[in-house]
Every structure is written in structure tokens, then in C-alpha cells.
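Every read-out reported here was derived from the displayed coordinates using simple, explicitly stated rules and does not represent laboratory data. These numbers come from a predicted model, not from an experiment. Because the Cβ atoms are built from the backbone with ideal geometry, glycine has one as well, and the counts that use them run over all protein chains shown.
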Amino acid sequence: MSAVAGPAWLVGARSALLGSNTNTASAIAGDGLPTDSRARRYVLRDHAGSLLVDHRVARCGWDATDPSGVAVTRKGERLGVSGVAVCGSVWACPVCAAKIAAARAVELEHMIDVWRAQGGDVWLLTLTVRHGREDGLMANLDALTVCMRRLWSGRWGQAFRRRHGIVGLVRNLETTWGAENGWHPHSHVLLFTDPDAAYVIAPDVARDELSVRWMALTADVGLGADDEHGVHIEAQPLAMDASGLGEGQHSAWLARYAVKMASAQSDKAWGAAQELTWSHIKRARGERFTPWSLLASSVKVHDGDEHGAAFLFMEFVEAFHRRKQLVGLAALRRLLHLGDVVEDDALAEAGDEGAVEIARIPVPAWRWLRVHGLVPAMLAYGEAGGDECLAQFLLSAQASAAARSGPSAWMLGREAVVS
Ligand SMILES: [Zn+2]
């Protein structure tokens with residue numbers, strides 16, 4: 001991928017300055033994409049933009065919001081950029097989605113902690129529907145959404161919540177795709193329960209009740225769910241130190257999350273909170289593809305697009321892009337006295353708190369770096385080698401740009417300033 005590895009001069013300069021071991025931004029994985037997760041997301045964002053030319057992801061990370069240029073910031077060892085318009089799409093943009101998901105995961109974890117500190121419990125519920133190879137995603141998603149709304153509202157839903165001490169819930173929406181059975185839209189729900197409520201019954205009783213109700217609801221909209229796979233409910237142990245729990249029960253819980261952690265490219269412990277927001281960022285397991293893995297496999301056009309992955313990704317965005325990833329956050333935050341929800345756009349735009357500006361890149365230079373796919377390399381360079389290396393990188397890029405397309409590429413008389 002020359003777009004990521006950079007032109008030949010850069011590869012030479014990089015190894016001379018940094019040595020080969022720090023050259024992480026240009027290492028290529030088996031799927032032809034960078035192994036470095038940031039570089040990977042940049043490549044995938046550009047690819048998504050090329051597939052979805054009318055979608056805001058196509059502009060994400062291009063336009064400077066400040067005419068004086070784009071800032072490179074440092075917080076500890078980590079570099080970032082600020083002063084660039086971003087799209088804030090959790091469905092179409094791998095860069096914004098990762099940033100928003102990271103923030104949501106922290107938020108949900110905090111909510112769970114707050115609730116558990118008050119003696120509350122949290123259950124993880126998964127709702128799925130039966131689906132077939134030829135089912136359209138949009139229609140199935142509409143039907144699933146209707147079923148979920150009917151499940152929680154209305155007399156049955158109210159009574160169920162009372163019966164099981166469910167004081168609040170937050171639910172997500174996600175899908176995978178498999179060659180055998182097509183789209184598999186489903187929802188994970190975090191149920192915040194009050195174990196001291198008058199008539200609390202065990203989670204497996206709740207599951208059985210939900211199962212019967214879910215089958216009826218899905219049958220109503222012509223979808224169908226079977227008892228075995230339609231509803232899955234998991235009670236999160238109140239105390240993770242296993243005290244008071246059967247050994248097997250606790251191990252099974254941890255094991256389930258250990259599997260998720262291994263596939264999530266995350267060094268954080270995997271918990272119920274991450275399940276809700278990181279799910280479509282996880283790599284596909286087995287025969288199932290997540291939307292991001294569909295997007296990734298559609299990059300390698302020279303190998304043939306076996307499943308029509310590009311088209312499937314576009315179908316996914318079309319079906320999801322007006323929907324909320326998480327429903328119920330605001331009410332739950334009110335319940336826990338945590339203030340208002342920060343919207344996705346604001347999370348995507350938020351700068352790194354405490355980060356300081358170390359360089360300012362003129363707008364034309366920024367565009368040149370973006371066109372050549374060099375932003376992740378620039379950041380990795382500055383992270384591995386410090387501010388001096390960042391300056392070297394920008395000077396080299398400037399020389400190369402001038403040699404290739406004339407000095408106008410970097411805007412005459414204005415140079416990248418490294419302070
Ligand atoms: Zn974006």
C-alpha cells in the first residue's frame with residue numbers, strides 16, 4: 001500500500017531516523033491493510049469515502065476549520081490533529097466510530113460502576129431474529145426496531161420491568177453478515193436492575209418470559225425468532241471477585257469477555273459496556289463479517305470482491321445511517337444524576353483534553369499529506385522520534401512536494417511551523 005508506506009524518500013528517511021523497529025505505521029497485515037490501527041482506520045475512512053461519495057464520511061478529515069492551518073497536538077507520547085472537520089458517523093467512518101465508541105465505552109462503564117456502587121445490578125441481554133440469505137437489511141432492521149419498541153413500552157413491558165426490578169436500560173443496534181444467512185441484525189441491551197425491588201426474580205426466569213414475548217412480537221412482523229437463539233440474557237455478577245458465586249458461573253462470564261477482548265484490538269478489559277459500542281469494530285469471527293471487515297475486504301479489489309463486500313457495506317450504511325447506535329442513554333443518565341448526553345458529533349470533534357499544539361501545518365500542506373495518505377505516518381513518526389523527528393518529517397515532505405509539483409503545493413512563503 002504505497003499510500004500508507006509513503007514515497008520512497010520517506011521510507012529511506014524513516015529508517016535512517018528511527019530504525020526499522022519503530023516503523024509501525026507502514027507495516028502491512030495479511031489483508032493488505034496496515035497493522036497499525038490508526039493507519040488502518042485512515043485507509044478505511046478514505047475507502048469508505050470513495051464508496052460513499054455523497055456521504056459526509058467522504059469529507060471527513062479533509063477540510064481545515066481554521067484558515068491558519070491544522071494543528072498537530074501532543075499529549076504525553078500520543079500525537080493527534082485538531083482543526084479539521086470530522087463527520088461524526090458511527091456507521092460509515094472508522095475514524096469517528098472508534099473515537100465515539102471509546103468515549104461511549106468509558107461512559108457506560110462509569111454508569112455501570114455508579115449503579116453497582118448503589119447496590120444495583122446489570123444484566124446483558126441479546127435479542128436476535130431469524131433471518132434468511134435473501135432478506136433485505138433495511139426491512140429486517142425496521143421490523144427489529146418495531147419489536148424492540150413494543151417489547152419495552154406498553155403494558156407488558158411496564159409489568160415486566162416492575163416484576164424484575166428493571167429501572168433503566170440502554171440498547172444498541174448492530175449487524176453482521178454471513179454468506180450463508182445474509183444479514184444478522186441484533187441488539188444488545190444493558191438492563192439496570194434493582195435487586196432490592198419488591199418482586200425480583202432470577203434472570204433465567206426473565207429470559208423465559210422475554211423469550212415467549214419476543215417470539216410473539218417477531219411473529220407479528222413476519223420475522224420469527226426461535227426460543228434457542230432469539231433471546232439470550234446474562235446476569236453480570238454484582239461483585240467481579242467471584243465471592244458468593246459458583247466457580248463455574250464466574251469463569252464462564254470472564255471467559256466470554258476474554259474472547260471479546262482478544263478480538264477487539266483493545267488493551268482495556270472487556271466488559272458489558274464495550275459490548276454495546278465496539279461490536280461493529282470487532283473483526284469478523286468465523287464465517288461472519290462485521291461491517292468494518294466488509295469494508296476492509298472490499299479494499300483488496302485486485303483479489304476480486306468475492307461477496308460483493310463493497311456493495312454490502314454500502315447497503316449497511318444506507319440502512320443504518322439515520323439510526324441511533326445507542327438508545328436510552330439520556331434517561332439512564334438522568335436516573336443516575338449524571339447530566340446530559342454528549343452527542344456523537346461533539347464526541348468526534350472533541351480534542352484530546354490536555355493536549356498541547358506542537359506544530360501547525362498550512363492548509364495546502366495538510367491536503368497534500370492527506371492526498372498521499374501520510375497523516376498516520378507523520379503522527380507515528382512524531383510519536384516514535386519526538387518533536388525533532390516530526391520537524392524532519394515535515395521538512396522532507398515539503399521538499400518532496402516542491403520537487404514533485406512545484407512550491408505551490410505547500411503555499412509559497414508559508415512553511416509548516418514546529419514550535
Ligand atoms: Zn469521520
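Search the structure for amide H atoms under 5 Å from the amide H of residue 289, placed 1.01 Å from N in the peptide plane, and list their residues when 5 or more places away or on another chain.
Close amide H contacts, sequence-distant or interchain: 177, 178.
Would you kindly state how much longer the chain becomes between residue 402 and residue 197 on full extension, computed as 0.36 nm times their sequence separation minus their alpha carbon distance, in nm to one decimal?
Roughly 66.7 nm would be gained on extension.
Packing-wise, with mean Cβ within 10 Å as the measure, how do 391-400, 95-104 rank, highest first?
Put in order of decreasing packing, that is 95-104, 391-400.
How large is ³J(HN,Hα), in whole Hz, for each residue of segment 370-378 in order, when computed from phi with the Karplus curve 6.51 cos²θ - 1.76 cosθ + 1.60 and θ = phi - 60°, using x for Gly and Pro?
Values, residue by residue: 5, 4, 8, x, 9, 5, x, 5, 4 Hz.
Using the Karplus curve 6.51 cos²θ - 1.76 cosθ + 1.60 with θ = phi - 60°, what ³J(HN,Hα) values do you get for each residue of segment 124-137, in whole Hz, with x for Gly and Pro?
Rounded to whole hertz, the list is 10, 10, 10, 10, 10, 10, 6, 8, x, 4, 8, 5, x, 5.
Under 14 Å from the Cβ of residue 119, count the other residues' Cβ atoms, weight Lys and Arg +1, Asp and Glu -1, and hand me the total.
-3
Along segment 346-353, what does the Karplus equation 6.51 cos²θ - 1.76 cosθ + 1.60 (θ = phi - 60°) give for ³J(HN,Hα), rounded to whole Hz, x for Gly and Pro?
Each residue's phi maps through the Karplus curve to give 5, 5, 5, 7, 4, x, 6, 5 Hz.
Pull up all non-local amide H partners of residue 84: gap of 5 or more, or a different chain, and H-to-H distance under 5 Å with H placed in the peptide plane.
Sorted by chain and number, the residues that satisfy this are 65.
Show me 113-123, 289-299 ranked by packing, highest mean number of other Cβ atoms within 10 Å first.
Details: 113-123: 16.3, 289-299: 23.0.
Put in order of decreasing packing, that is 289-299, 113-123.
What does the net charge come to around residue 345 if you take all other residues with beta carbon closer than 12 Å to its beta carbon, with K and R at +1 and D and E at -1?
The answer is -1.
How much net charge surrounds residue 97 when only other residues with a Cβ under 11 Å from its Cβ are counted (Lys, Arg +1; Asp, Glu -1)?
It works out to a net charge of +3.
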